[in-house]
Amino acid sequence: MPLVYIVEDDANIREIESFALKNSGFAVEAFACAKDFYNGLLKRPPDLVLLDIMLPDEDGLIVLGKLRSGAGTRKLPVILVTAKTTEVDKVKGLDGGADDYMTKPFGVLELISRVKALLRRSTQDSAAEELSVGEITLDMARRAAYVAGKPCGLTYKEFELLHLLLVNAGIVLKRDLLMERIWGIDFEGESRTLDMHIGTLRRKLGESGVHIKTVRNVGYMME
């Protein structure tokens, strides 16, 4: 199920948003400040972020700017949520890279509708785009991988693994997250499956395989 991160300092609003999203089939992690949100990003990247502008430790627009400047979060779907109602505030948020904007107070039905609509758009966009790091390129429309312009034959699981690493380039992905996303099973007792696929993927990528870094006792990342 899609994972939504809520960054909201108001406990009541945070609870309402979490309850509504969970009841609509989403996995939810909620944070009261930017610092906790950043720590959450290191553990597991979400599929979408609900970001309040008025945070206690850092302005939401600054948080948005950091997301848009990061290699692994540049295209992360973000909905800004704020009590500010002026057109100038909305323009600042959208110009800063927000995908959508909601003004408090809002109804839970509107919230769920906007989240679903943005996830549909982002899924369609990612399915049609090319992802690349160095000489590695994934053509998502054709489900084809290339290294230095030459086709690289990958199995279904290898392709999915490489795609997940590329989408989250620059972010360390924990081993249990990789197992869950690619194989849909718990990590415990299955470490060899992941390690063998990483090893095979590196070999098929040739010299470009060095972009896949091992983070000891944590997982892997695409550098």
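The values are calculated or read from the model by the stated rules, or taken from the named source; none is laboratory data. Remember, predicted model here, so these are calculated numbers, not experimental data. Note that we place each Cβ from the backbone using ideal geometry, even for glycine, and neighbour counts take in every protein chain shown. Keep in mind that these areas ignore ligands, DNA and RNA; they rest on the heavy atoms of the full protein, side chains included. Shrake-Rupley method; radii C 1.70, N 1.55, O 1.52, S 1.80 Å.
Beyond a 22 Å Cα-Cα separation, which of these cross-linked pairs lie in this structure: LYS66/LYS104; LYS66/LYS116; LYS22/LYS75; LYS157/LYS213; LYS22/LYS157?
Correct reply: LYS66/LYS104; LYS66/LYS116; LYS22/LYS75; LYS22/LYS157.
Between (i) 42, 38, 38; (ii) 53, 37, 29; (iii) 53, 48, 34, which matches Cα extents along the principal axes in Å calculated for the structure shown?
Structure-derived value, by its label: (ii).
Would you mind working out the magnitude of the charge dipole of region 1-127 relative to its Cα centre, with +1 at each Lys and Arg C-beta and -1 at each Asp and Glu C-beta, to the nearest 20 Debye?
For region 1-127, the charge dipole is close to 480 debye.
Mind putting a number on the dipole of the chain about its Cα centre? Charges go on the C-beta only, +1 for Lys and Arg and -1 for Asp and Glu, and I need it in Debye to the nearest 20.
I would put it at about 720 debye.
Please list, or write none, the aspartates and glutamates whose alpha carbon is within less than 13 Å of the alpha carbon of LYS174, excluding same-chain residues fewer than 8 places away.
Partners found: ASP186, GLU188, ASP195.
Based on the alpha carbons, how large is the Rg to Rh ratio for region 51-119 when Rh follows Kirkwood?
0.95
So how tilted is helix 191-205 from the main axis of the chain? Cα-based, degrees 0 to 90, rounded to 10.
70
Hey, could you pull the Cα Rg and Dmax for region 3-86, both in Å?
In order Rg, Dmax, the Cα atoms of region 3-86 give 12.0, 35 Å.
Using 1/(1 + (r/R0)^6) with R0 = 30 angstrom and r between the beta carbons of LYS150 and MET196, what's the FRET efficiency to the nearest 0.05?
0.80
Which length gain, in nm to one decimal place, applies between LEU119 and LYS84 when the Cα-Cα distance is subtracted from 0.36 nm times their residue separation?
10.2 nm
With a 1.4 Å probe and every protein chain left in place, tell me how much accessible area SER24 has, in Å² to the nearest 10.
Per-residue accessible area (SER24): approximately 50 Å².
Return the Cα extents of region 76-165 along principal axes one, two and three, sorted largest first, each rounded to a whole Å.
The principal-axis extents, from largest down, are 51, 25, 17 Å.
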